[in-house]
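First comes the structure, then the notes that go with it.
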Amino acid sequence: MKMIDFRSDTVTRPGKAMLEAMMTAEVGDDVYGEDPTVNKLEAFAADRLGTEAAIFCPSGTQSNLLALLVHCGRGDEYLVGQNAHTYVFEGGGAAVLGSIQPQPILADNDGTLNLNKVEKLIKPDDFHFARTRLLCLENTHLGKILPLDYLARAREMTLRHGLKLHLDGARIFNAAVKLNVDVKQITNHFDSISCCLSKGLGAPVGSVLCGSQKDIKEARKWRKMLGGAMRQTGFLAAAGIYALENNITRLKEDHDNALELATRLNAISQVTIAMNEIQTNIFFAKIDAEMEKLCQFLKEKGILINSDRLSRFVTHLDISREDVEFTIGCFKAYFKN
Ligand SMILES: *Cc1c(COP(=O)(O)O)cnc(C)c1O
């Protein structure tokens with residue numbers, strides 16, 4: 001049974017054309033730098049994101065960690081959102097593996113970190129304190145896009161304080177497509193950018209870290225140390241190339257589907273959605289129901305949702321408009337609405 005899975009955009013399966021690209025990929029030993037498909041993906045990603053170089057990583061978690069390890073040393077500090085993926089959902093890797101101290105900051109409702117607050121938390125140059133080295137932003141954050149002028153101000157502030165600026169751009173192309181700008185208008189403010197291929201872009205595995213030649217060379221050393229250097233990984237890189245070539249502009253469909261689904265669910269009296277906060281492929285629905293029962297009912301119809309009362313819905317490549325219509329019908333049936 002095909003499941004309509006709203007839990008995350010990580011659940012997509014490669015389609016026929018992507019599988020074909022994977023199966024016919026030319027490969028070699030990437031640890032020797034001899035996998036032509038990986039080399040092509042890294043060059044392509046760097047070109048697309050407007051950086052000197054890029055490195056293919058098994059996950060976004062590793063790609064973010066590489067950036068942190070490149071920018072910060074032992075006893076250094078990075079400024080990061082209190083609810084940012086890097087801080088919350090990556091096992092504390094920066095602290096465990098890099099001896100890097102996080103300074104978390106609660107984001108405003110629009111997903112930005114207030115730069116005046118951030119600036120006040122930069123530690124003085126004094127032996128009592130950790131050395132603040134880096135500001136890490138996330139775009140999109142909980143589906144929200146950081147405004148371009150905000151990025152410019154963040155860049156200006158970090159330069160003024162001699163800080164590096166990293167972007168967790170797991171869903172950066174959702175932001176670029178929604179803003180209708182070249183992704184370089186987002187990336188050009190940052191020293192490094194991590195971009196997931198395995199979210200909305202639909203590849204089964206992988207992220208790329210993009211940055212300067214020097215930083216990516218350093219990242220390559222850390223990736224090896226972390227066990228992330230792989231051999232004939234061109235099979236996976238081929239999926240990444242396919243994703244970057246074919247699955248970016250279609251992200252608009254995911255945004256449209258999210259808005260349609262949210263609008264129609266919000267019309268059900270037991271469902272409350274902050275409609276004005278929906279920007280991309282993610283929204284949160286407060287559902288006044290016994291979630292376990294609702295989830296079971298939906299599961300029997302082939303629909304998976306997150307069981308939290310404030311349930312996160314994510315649309316993606318494997319959810320069509322028909323799936324959205326079907327889902328709305330099932331919700332209406334459950335709530336007899
Ligand atoms: C998914 C995600 C990552 C990386 O996740 P992996 O599962 O390790 O690939 C990083 N940041 C954000 C915001 C994410 O959503």
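The values are calculated or read from the model by the stated rules, or taken from the named source; none is laboratory data. The structure presented is a predicted model; accordingly, all values stated were derived computationally and were not measured. No Cβ is skipped: glycine too gets one built from the backbone with ideal geometry, and neighbour counts run over all protein chains shown.
Residues that are within 14 Å of the ligand (Cβ to nearest atom): find the helices (runs of 4 or more DSSP H) completely inside the stretch 1-113 holding 1 or more of those. Quick ask: steps written out before the conclusion?
Values: elements: 16-23, 36-49, 60-71, 85-88, 93-98.
Passing ranges, in order: 60-71, 85-88, 93-98.
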*Could you tell me which residue of the stretch 123-141 is nearest to Cys195 (Cα to Cα), considering only residues that are of a type in the set (Asp, Glu) and more than 10 Å from the ligand (Cβ to nearest atom)?*
Asp125
*Qualifying residue in the stretch 317-334 (condition: out of contact with any helix residue (DSSP H, G or I) (no Cβ under 9 Å at 6 or more places or on another chain), outside any helix (DSSP H, G or I) and surrounded by fewer than 16 Cβ atoms within 10 Å (Cβ to Cβ))*: no
*Given the conditions (1) within 22 Å of Val314 (Cα to Cα); (2) buried (at least 21 other Cβ atoms within 10 Å of the Cβ); (3) among the β-branched types (Val, Ile, Thr), and given that Ile241 satisfies all but one, which numbered condition is not satisfied?*
(1)
*Look through Leu261, Leu244 and report the one residue that is closer than 30 Å to Asn337 by Cα, in contact (Cβ under 8 Å) with a residue 60 or more places away in the chain and among the aliphatic types (A, V, I, L, M).*
Leu261
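Per-residue answers, yes or no, for (1) modelled with pLDDT of 95 or more; (2) within 26 Å of Lys184 (Cα to Cα); (3) surrounded by fewer than 22 Cβ atoms within 10 Å (Cβ to Cβ):
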position	(1), (2), (3)
Arg7	yes, no, yes
Leu41	yes, yes, no
Glu52	yes, yes, yes
Phe56	yes, yes, no
*asked:* Out of everything in the stretch 78-97 that is of a type outside the set (S, T, N, Q) and crowded, with 21+ Cβ neighbours inside 10 Å, what residue ends up being farthest from Phe127 (Cα to Cα)?
replied: Ala84
*Filter result (among the polar types (S, T, N, Q) and away from the ligand (no atom under 16 Å from the Cβ)) within the stretch 171-212*: Asn180, Gln185, Asn188, Ser212
*When you go through Leu251, Leu236 one by one, which is the residue that is within 15 Å of the ligand (Cβ to nearest atom), closer than 14 Å to Ser59 by Cα and of a type in the set (A, V, I, L, M)?*
Leu236
_Tell me whether the stretch 12-25 contains one or more residues that are farther than 17 Å from Tyr242 by Cα, surrounded by fewer than 18 Cβ atoms within 10 Å (Cβ to Cβ) and at pLDDT 95 or above._
no
*So which residues in the stretch 114-158 are assigned to a loop (DSSP other than H, G, I, E, B), of a type in the set (Gly, Ala, Ser) and under 24 Å from the mean Cα position of the chain (by Cα)?*
Gly143
